[in-house]
1. Principal axis lengths of the range 327-442 from Cα atoms, whole Å, largest first?
2. What ratio of Cα Rg to 2.2 N^0.38 Å holds for the range 124-254?
3. In whole Å, what three semi-axes, largest first, describe the equivalent ellipsoid of the range 125-441 built from its Cα gyration tensor (square root of 5 times each eigenvalue)?
4. Taking the beta-carbon count within 10 Å as an exposure proxy, list 337, 269, 244, 183 from fewest neighbours to most.
5. If you wrap a convex hull around the C-alpha atoms of the range 204-281 and split its volume per residue, what is the figure in Å³?
6. For 430, 307, which order do you get if you count the other beta carbons within 10 Å of each Cβ and list the fewest first?
7. What's the exposure ranking of 388, 431, 441, going from fewest to most Cβ atoms within 10 Å?
8. Assign one of three labels to the range 229-386, namely rounded, prolate or oblate, based on the Cα gyration tensor with a ≥ b ≥ c the square roots of its eigenvalues; rounded applies when a/c is under 1.5, prolate when it is not and a/b is larger than b/c, and oblate otherwise.
């Protein structure tokens, strides 16, 4: 039985590489002794040897310090002779040099030797998207505008830089990436940059095709500088709870607050960073609400927000926009979202929005109060309700929605049936609608 104390035998890949390096450094012959001497002949300076126990290796140059290799340690627990036949205990250990642990063929030693300087940004694209097809029996003016027929709501396509490249940890070099989103369907015209002057970017610029249309709601650079994350370009708003993207909403239909009291997109810059008390702070600027690389009127508004876990069960997000909001005029808005985990399976979301602008289109105050209660039955099925009160100046509008999410299998298919009731007491108006859509992600 081979007896070694405090000796590590290199895993096959590491042993092969170190053996090759040793052959290069010793003229093609391995020394007879147990310790191995490696000589640096690659132009990194004078040869240096450091003691690694039973092996001798070079002090690694700077480019090598991010490499990790795997070692297998063989240790004897007790002082036992070879003839006793006692077993050794073999333990697996990971030896790291530098910051990261990188194992396997794709991210192994040879790969890192070949790619010494890993780029902090990459043009390599990654494609994703979804298809959303739905039916509803009433028009409500809140995206669902084509009743009594099956509609292609969103054929969504995203191209973005490979997320595995250039992701910093807060202390690394600056990173940069890109993202572009294109959508086609009946939601396309409602997703265009309608805060633009007519005929600019995707707004009323021959991007339509009957009831369907194209839109490009996002086109931006993003990355990290130190602990600061940023977006630069045309991007979705951080305001509110619901969003245009179908898979990110529980319900098929949308709230009055989301459609009437919040921007959809901005063109400008948005940054976020984490503080020492685990809050996330948002700071940004844009050319006004729903702008797409163009300015309506004198659009120029600030974006400020904060997100924080108040307790283990309660999360809060506050985002405000202020200044010249473009097509909405000068004013102020805010959205507050509280997310409460009542139990492991039951969540309650409370959202309150307030908007005050000088626009002739919608002068005065908008106030919204939305309540969501979502119960997760299992990994495939969840049930939810939404109750909304929204007031535009002096007219109050109410809605109540009951729905379900069914996501079988691996989660790439989602079915969202719902029943929604809307009523306006001051106008003696009420309406109940059924809707259902299916989302297939790719």
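1. 50, 32, 30
2. Ratio of Cα Rg to 2.2 N^0.38 Å: 1.20.
3. Values: eigenvalues 158, 119, 102 Å².
Calculated on Cα positions only, the semi-axes equal 28, 24, 23 Å.
4. Working: 337 20, 269 17, 244 23, 183 28.
Ascending Cβ contact count within 10 Å gives the list 269, 337, 244, 183.
5. Cα-based convex hull of the range 204-281, divided per residue, equals 139 Å³.
6. So the ranking, lowest neighbour count to highest, is 430, 307.
7. Ascending Cβ contact count within 10 Å gives the list 431, 441, 388.
8. Prolate shape, in that a/c is at least 1.5 and a/b is the bigger ratio.
Every read-out reported here was derived from the displayed coordinates using simple, explicitly stated rules and does not represent laboratory data. Everything quoted here is computed from the prediction, not taken from an experiment. A quick note on method: Cβ atoms are made from the backbone with ideal geometry, for glycine too, and the neighbour counts reach across all protein chains shown.
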